[in-house]
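Report on the following structure.
The values are calculated or read from the model by the stated rules, or taken from the named source; none is laboratory data. The model shown is predicted, which means the values in this text are computed figures rather than measured ones. Cβ coordinates were reconstructed from backbone atoms using ideal geometry, including for glycine residues, and neighbour counts include every protein chain displayed. Side chains are part of the model used for accessible areas, which takes the heavy atoms of the whole protein and leaves out ligands, DNA and RNA. Shrake-Rupley method; radii C 1.70, N 1.55, O 1.52, S 1.80 Å.
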Amino acid sequence: MIDQPDNATYDAYMLRYPDGSWLAQLTDLPGAYARGATREEAIARLTAAIPAYYAWLTHHDEYTPILRGSPTVTPREVVDAPAGSDNMLSVFFSGDVEPVTEEDLDWWLAVLDWAYGDLVAQAERTPHLPQQHALLGAVATTQLRVVSYATGASVDVAGAGSDSLSLLDVARKKAIAEFRRTKADQRAAVREVDGQRWSIRRGLRESALLARQAFDYLTALQARG
């Protein structure tokens, strides 16, 4: 393993919702995020979540760098969410214009696969929880929309069974397959869909965020029974 620098600093990309709440995420760590009632709370929670994120990576990848020292999170960009926006999704940040290399793609898709694998495993623990079906169905539908917006591909859940785990599995596989087959020119382009800007980098970032948030939502649902 390669050690991380002591007291590493991370740039947070901040989303402010119309109700005043905040979502903070680290684009350097796919799917690392936190929510808060204030900007300060979101940043504090995101800072506290970084060691757990590295522990999660280590569980899946023995080559994960070792986190040493106390990480620091600083706001890099703040964007307001449009009124009525889907709270499962984020927005286009300035860094989303950066082309995605083959190496980037390999890493993001590995993280995405791990995140969905954990989500499925968590869902299998409580297959009869009523709210779970609605949550997983919404995640599957949102994931396919993200793929369509980012890549331009037409994707659906054809061939999936009626249960939510089948829907989620199809969405997961189609997302990975569609992102995998993108070419270099696609991974450097920015598209406009319904007044929003999308890129492959944004699609990958949104997908990792979606899967990780869904895992946390489901865990909270299970805790409430």
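In table form, for the structure just shown:
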{"quantity": "Amide proton proximity set for residue 198, modelled H, under 5 Å, gap of 5+", "calculated": "191, 192, 193"}
{"quantity": "Candidates 68, 187, 39, ranked by Gaussian network fluctuation over the chain, Cα under 10 Å, top entry", "calculated": "68"}
{"quantity": "Packing-based ranking, highest mean first, of 178-186, 207-215 given that Cβ atoms within 10 Å are counted", "calculated": "207-215, 178-186"}
{"quantity": "Residues of the chain: accessible area per residue with a 1.4 Å probe, Å²", "calculated": "48"}
{"quantity": "Total charge dipole magnitude, the chain, about the Cα centre, Cβ charges on Lys, Arg, Asp, Glu only, Debye to nearest 20", "calculated": "400"}
{"quantity": "Three-way shape call for the range 83-220 based on the alpha-carbon gyration tensor, with the a/c threshold at 1.5", "calculated": "prolate"}
{"quantity": "Sulfur and carbon atoms: percent of accessible area, the chain [1.4 Å]", "calculated": "51"}
{"quantity": "Computed [θ] at 222 nm, helices only, for the chain once each DSSP H run of length n ≥ 4 contributes -39500 (n - 2.57)", "calculated": "-16500 deg cm²/dmol"}
{"quantity": "Integer Hz, Karplus 6.51/-1.76/1.60 couplings in order for the range 165-176, x for Gly and Pro", "calculated": "5, 5, 4, 5, 5, 5, 4, 4, 5, 5, 4, 5"}
{"quantity": "Under Karplus coefficients 6.51, -1.76 and 1.60, residue-wise ³J(HN,Hα) of the range 196-213 in Hz, glycine/proline x", "calculated": "10, 8, 9, 9, 5, 5, 5, x, 5, 5, 5, 5, 5, 4, 4, 5, 5, 5"}
{"quantity": "³J(HN,Hα) computed for each position of the range 132-142 - Karplus, 6.51 cos²θ - 1.76 cosθ + 1.60, integer Hz, glycine/proline x", "calculated": "5, 4, 5, 4, 5, x, 5, 5, 4, 5, 5"}
{"quantity": "Amide hydrogen neighbours beyond the local backbone of residue 78, cut-off 5 Å, H modeled", "calculated": "14"}
{"quantity": "Inter-centroid distance (Cα atoms) of the range 158-218 relative to the range 1-78, Å", "calculated": "21"}
{"quantity": "Amide hydrogen neighbours beyond the local backbone of residue 32, cut-off 5 Å, H modeled", "calculated": "26"}
{"quantity": "Cα-only Debye scattering, the range 38-143: base-10 log of I(q)/I(0) at q = 0.11 Å⁻¹", "calculated": "-0.53"}
{"quantity": "Packing-based ranking, highest mean first, of 166-173, 149-156, 95-102 given that Cβ atoms within 10 Å are counted", "calculated": "166-173, 149-156, 95-102"}
